[in-house]
Amino acid sequence: MNGRTRNRRWHIWLAWVAAIPILLWTISGLAMVARPIEEVRGEGLLNDPAPIRMVGPPIPPLISGVAVQSLSLEQRAGGPRWVVKLPDGKTRLGDPRTGLLLPELSANDARREVEARYTGKATIQSVARTDADDPPIEFRRPVAAWQVVMSDGVHFYVDASSGQIVATRTGWWRFYDFMWGLHIMDPVTREDTHNPFVILFGIVALAMSALGTILLPKALKKKRRLDS
């Protein structure tokens, strides 16, 4: 077997292997552009928070002696709230009418936050608490939140500490996310773009392309010789 024949066989076998990731990359890439990204993200399903209206001057939160990373006054469904962010990453809400810190949001509080800003026609089907240490795959944030499920399949995630709606997950978003996992060949966590499968198949595709580049001029030269 001469070198050209051996290289041709290697090229064929590498092409069969490389066809797997190329097919996945092509299908997943097409799927991810099948809908406008604004529709995938559910943009427009939530209005901006209403303007803050205060009856009197706000009373500062009772946090004397507590280290604070930031302090802001934001609107929530129940009215204006102090949002106190602590250096350890935790967040507390405070009532500007009394200065008292408030407990975490309840399921009803989370429901009201969504109802106050939702612009669609669906209804709320359920509200469930998520675990910061084991969040749903579609959320993937180490945040204790409430998952508000709508009748049309849209999921909203409300931070239990800050009351902020931190994520909107449509059905198209979940499909897009699954395709993204296939695209980077990490369907489990859908975050590791430096996994062994991507590297291995990338090397195979590169080797196939390099062999094809070497073999093409020789094939053309042989064809011209036969034609003459």
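The values are calculated or read from the model by the stated rules, or taken from the named source; none is laboratory data. Since the model is a prediction, treat every value here as computed from it, not as a measurement. A quick note on method: Cβ atoms are made from the backbone with ideal geometry, for glycine too, and the neighbour counts reach across all protein chains shown. For accessibility, only protein heavy atoms count, side chains too; no ligands or nucleic acids. Shrake-Rupley method; radii C 1.70, N 1.55, O 1.52, S 1.80 Å.
Probe radius 1.4 Å, ligands and nucleic acids ignored: give me the carbon and sulfur share of the accessible area of region 84-131 as a rounded percent. Spell out each step's value before the answer.
Details: 1400 of 2910 Å².
That fraction is 48 percent.
For region 30-40, what does the Karplus curve 6.51 cos²θ - 1.76 cosθ + 1.60, with θ = phi - 60°, yield as ³J(HN,Hα) per residue in whole Hz, taken in order and with x for Gly and Pro?
Coupling constants for region 30-40: 5, 5, 6, 10, 6, 10, x, 4, 5, 5, 4 Hz.
Would you please name the trypsin sites (Lys or Arg not before Pro) within region 107-145 that are DSSP coil residues with at most 15 other C-beta atoms within 10 Å of their C-beta? Kindly include the intermediate steps, with their values, before the conclusion.
On the way: sites: Arg111, Arg112, Arg117, Lys121, Arg129, Arg140; in loops: Lys121, Arg140.
Within region 107-145, the qualifying trypsin sites (Lys or Arg not before Pro) (loop, at most 15 other Cβ atoms within 10 Å) are Lys121, Arg140.
So what is the accessible area of the chain per residue, in Å², with the probe set to 1.4 Å?
Working: 14130 Å² over 228 residues.
Ligands and nucleic acids excluded, the result is 62 Å² per residue.
Taking the Cα centre of the chain as origin and charging only Cβ (+1 Lys, Arg; -1 Asp, Glu), how large is the dipole, in debye to the nearest 20?
Numbers: 29 positive and 22 negative charges, 364 e Å.
The calculation lands at about 1740 debye.
How large a share of the accessible area of region 12-57, in percent, is made up of carbon and sulfur atoms when the probe is 1.4 Å and the other protein chains stay in place? It would help to have the intermediate numbers written out before the result.
Numbers: 2310 of 3380 Å².
Of the solvent-accessible surface of region 12-57, carbon and sulfur hold 68 percent.
If I take every Cα pair under 8 Å that is 6 or more residues apart in the chain, average their sequence separation and divide by the length, what percent do I get for the relative contact order?
Working: 320 pairs, mean separation 45.5, N = 228.
Once divided by the residue count of the chain, the mean separation gives 20 percent.
Of the options Thr98, Ala167, Ala50, report the single residue whose Cα projects farthest towards the positive end of the charge dipole of the chain (beta-carbon charges: Lys, Arg +1; Asp, Glu -1).
About the Cα centre, the residue reaching furthest to the positive side is Ala167.
Quick check: from the Cα gyration tensor, does the chain come out rounded (a/c under 1.5), prolate or oblate?
Note, shape of the chain comes out prolate.
If you bin the C-alpha pair distances of region 142-214 every 5 Å from 0, what whole percents do you get?
4, 14, 14, 13, 15, 12, 8, 6, 5, 4, 3, 1, 0
Could you work out how far apart the two model spin labels at Ala116 and Asn195 are, taking each label as a point 7 Å from the Cα in the direction of the beta carbon, and quote it in nm?
If labels sit at Ala116 and Asn195, their model points lie 4.0 nm apart.
Ignoring everything except DSSP H segments at least 4 long, calculate the 222 nm mean residue ellipticity for the chain; use -39,500 (n - 2.57) per segment, divide by total residues, nearest 500. Mind showing how you got there, number by number?
Details: 5 runs with 91 residues, N = 228.
Value at 222 nm, helices only, nearest 500: -13500 deg cm²/dmol.
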